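Participant: So that we are looking at the same thing, I have put the structure below in structure tokens.
The values are calculated or read from the model by the stated rules, or taken from the named source; none is laboratory data. As the structure is a computational prediction, the values presented were derived from the model and not from experiment. Neighbour counts are summed over all protein chains in view; Cβ atoms, including those assigned to glycine, are modelled from backbone coordinates with ideal geometry. Protein only, heavy atoms only, side chains kept; ligands, DNA and RNA dropped before computing areas. Shrake-Rupley method; radii C 1.70, N 1.55, O 1.52, S 1.80 Å.
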Amino acid sequence: MAEDRPVVLVDEHAHAWSPKAARSRFRKGLTGPTAGVSAGHTQANLIAVPADWAYDMLLFCTRNPQPCPVLDVTDAGSWTTALAEGADLRTDLPRYRVWRDGELVDEPTDVREHWRDDLVSFLIGCSFTFEWALTAAGVPVRHVEQGRNVPMFVTTRQCRPAGRLRGPMVVSMRPVPPAHLDAAIRETGLLPAVHGSPVHCGDPSALGIVDLGRPDFGDAVRAEPDDIPVFWACGVTPQAAAVVDGVLLAGGAPPVLGLPGSRLLESAGRAGLPVVPEAFADRAYTGAGTLVPRGRQGAVISDPDAVVQRSVGLAVSGTATARSGARVEVRARSLCVHGDTPGAVELARRVRRRLEASGVRVEAFA
């Protein structure tokens, strides 16, 4: 698993950066999760929606203030915020996720080419902000200790709907030693603008979480034997709501594709959408059965022969070899070869021929 270990801190001195210095580095291309960056200052998540969705988003955030604490809302088309003088919301974040009709279409470090004059931006308080307070109170922050991103999970706890937006609450999880639990609750409760106190402590099944080792976002972390899993509402929640409703608005109850066992598929199923577990022939897997993030070396498999061989293994045995060398179970009904892979069309033909030669029936699911 060592080779699957992601690096969280973008720089060992990042905690001492001023917010302006951090934004400057991100604008120049530095990327990575921002846990520990600019300690003592507020971090925010950005979600930008078309103006005709802005009221629904504002209402959704107002009705669900713990996962969606609004710090600022911009005018349509504006890429500036009163929270940070001189900041450019299109370039000053380490990475963006661009969604269209419920589908993730890009993960760039600069979204100027995607920016539109009708986009309204919401700045949502981020729980990375309160980690400096936890540290100051002596509460260990395991994912920072281990050089990982915080693990995040889609729960079965539904948010209060607002207009066209509905969906599950997403939570972040931090293992906390019992002796520090009161301090963790107290310190974060003093910061409601960045999610405040936990929404749950203890048994993850109470939130519909089956396996803490398989987060929907972020990275799995190692807990000490006596640690208690503590869950905070998370600013990824509006993204989950937008994905479900983007798919619903596409019409005709189209199937939702996602990683086997993911909360996205669970949430889509609860919304009445057909779901299709999907495997990726040209992507590397971690030992936990999740995809290696695209920004990391080796995340995309470029060898056509390896892609074809991987496809047969996924379809016939439902397994794949992770980067660590371990065999991981990936039970799926759909097999993806990315269109931006060089020679994708011919590669897809090769994959189909090999699958059919191996006795696999290939057919449409929609």
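Participant: How many residues are open to solvent by 40 Å² or more (accessible area, probe 1.4 Å) and in a strand (DSSP E or B) if we restrict to the stretch 101-119?
Facilitator: Summing the residues that are open to solvent by 40 Å² or more (accessible area, probe 1.4 Å) and in a strand (DSSP E or B) in the stretch 101-119 gives 4.
Participant: Hey, among the residues in the stretch 342-364 that are free of Cβ contacts under 8 Å to residues at least 12 places away in the same chain and touching an Asp or Glu at 6+ places or on another chain (Cβ under 9 Å), which one's surrounded by the fewest Cβ atoms within 10 Å (Cβ to Cβ)?
Facilitator: Looking at the filtered set, the residue picked out is V362.
Participant: Can you pull out the residues in the stretch 187-223 that are small (G, A, S) and on the phi < 0 side of the Ramachandran plot?
Facilitator: G189, A193, S197, S205, A206, G213, A220, A223, listed by residue number.
Participant: Could you pull out the residue among A48, A84 that is in contact with a Lys or Arg (Cβ under 9 Å, 6 or more places away or on another chain) and more than 17 Å from T237 (Cα to Cα)?
Facilitator: Among A48, A84, only A84 is in contact with a Lys or Arg (Cβ under 9 Å, 6 or more places away or on another chain) and more than 17 Å from T237 (Cα to Cα).
Participant: Looking at the stretch 208-223 only, could you name the residues that are of a type in the set (A, V, I, L, M), under 16 Å from the mean Cα position of the chain (by Cα) and either open to solvent by 40 Å² or more (accessible area, probe 1.4 Å) or modelled with pLDDT under 85 (or both)?
Facilitator: L212 - this is the single residue of the stretch 208-223 that is of a type in the set (A, V, I, L, M), under 16 Å from the mean Cα position of the chain (by Cα) and either open to solvent by 40 Å² or more (accessible area, probe 1.4 Å) or modelled with pLDDT under 85 (or both).
Participant: State yes or no: is P94 open to solvent by less than 30 Å² (accessible area, probe 1.4 Å) and farther than 17 Å from L119 by Cα?
Facilitator: Yes.
Participant: Yes or no: T135 part of a helix (DSSP H, G or I), of a type in the set (S, T, Y) and surrounded by fewer than 21 Cβ atoms within 10 Å (Cβ to Cβ)?
Facilitator: yes
Participant: Please tell me if F122 is in a strand (DSSP E or B), surrounded by 15 or more Cβ atoms within 10 Å (Cβ to Cβ) and at pLDDT 95 or above.
Facilitator: Here the answer is yes, as F122 does meet what is asked.
Participant: Can you tell me how many residues within the stretch 310-341 are among the polar types (S, T, N, Q) and free of Cβ contacts under 8 Å to residues at least 12 places away in the same chain?
Facilitator: Total meeting the criteria: 2.
Participant: Here is a list: R214, R164. Which entry is in contact (Cβ under 8 Å) with a residue 60 or more places away in the chain, charged (D, E, K, R) and under 21 Å from V70 (Cα atoms)?
Facilitator: R164
Participant: Kindly list the number of the only condition in (1) open to solvent by less than 60 Å² (accessible area, probe 1.4 Å); (2) within 22 Å of G32 (Cα to Cα); (3) not in a helix (DSSP H, G or I) that fails for T129.
Facilitator: (3)
Participant: Moving on to the next point. Condition (residue is open to solvent by 60 Å² or more (accessible area, probe 1.4 Å), within 20 Å of G147 (Cβ to Cβ) and modelled with pLDDT of 80 or more) applied to the stretch 224-246: is it met by at least one residue?
Facilitator: There is at least one residue in the stretch 224-246 that is open to solvent by 60 Å² or more (accessible area, probe 1.4 Å), within 20 Å of G147 (Cβ to Cβ) and modelled with pLDDT of 80 or more.
Participant: Please verify whether the stretch 176-184 includes one or more residues that are under 20 Å from the mean Cα position of the chain (by Cα) and either open to solvent by 10 Å² or more (accessible area, probe 1.4 Å) or β-branched (V, I, T) (or both).
Facilitator: no
Participant: Could you list, in sequence order, all residues of the stretch 50-63 that are of a type in the set (D, E) and either outside any helix (DSSP H, G or I) or surrounded by fewer than 14 Cβ atoms within 10 Å (Cβ to Cβ) (or both)?
Facilitator: D52 - this is the single residue of the stretch 50-63 that is of a type in the set (D, E) and either outside any helix (DSSP H, G or I) or surrounded by fewer than 14 Cβ atoms within 10 Å (Cβ to Cβ) (or both).
Participant: Can you tell me how many residues in the stretch 149-173 are surrounded by 21 or more Cβ atoms within 10 Å (Cβ to Cβ) and part of a loop (DSSP other than H, G, I, E, B)?
Facilitator: Qualifying residue count, the stretch 149-173: 5.
Participant: Give me the residue from the stretch 309-341 that is touching a Pro at 6+ places or on another chain (Cβ under 8 Å) and open to solvent by less than 50 Å² (accessible area, probe 1.4 Å) and, out of that set, nearest to T290 (Cα to Cα).
Facilitator: V330
Yes/no per residue for (1) in a loop (DSSP other than H, G, I, E, B); (2) more than 22 Å from A14 (Cβ to Cβ); (3) open to solvent by less than 50 Å² (accessible area, probe 1.4 Å); (4) touching a residue at least 24 places away in the same chain (Cβ under 8 Å):
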| site | (1), (2), (3), (4) |
| --- | --- |
| V37 | yes, no, yes, yes |
| A48 | no, yes, yes, yes |
| C68 | yes, yes, yes, yes |
| A87 | yes, no, yes, yes |
| W99 | no, yes, no, yes |
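Participant: Related question: Filter the stretch 262-313 for residues that are among the basic types (K, R), assigned to a helix (DSSP H, G or I) and modelled with pLDDT of 85 or more and give the result.
Facilitator: R310
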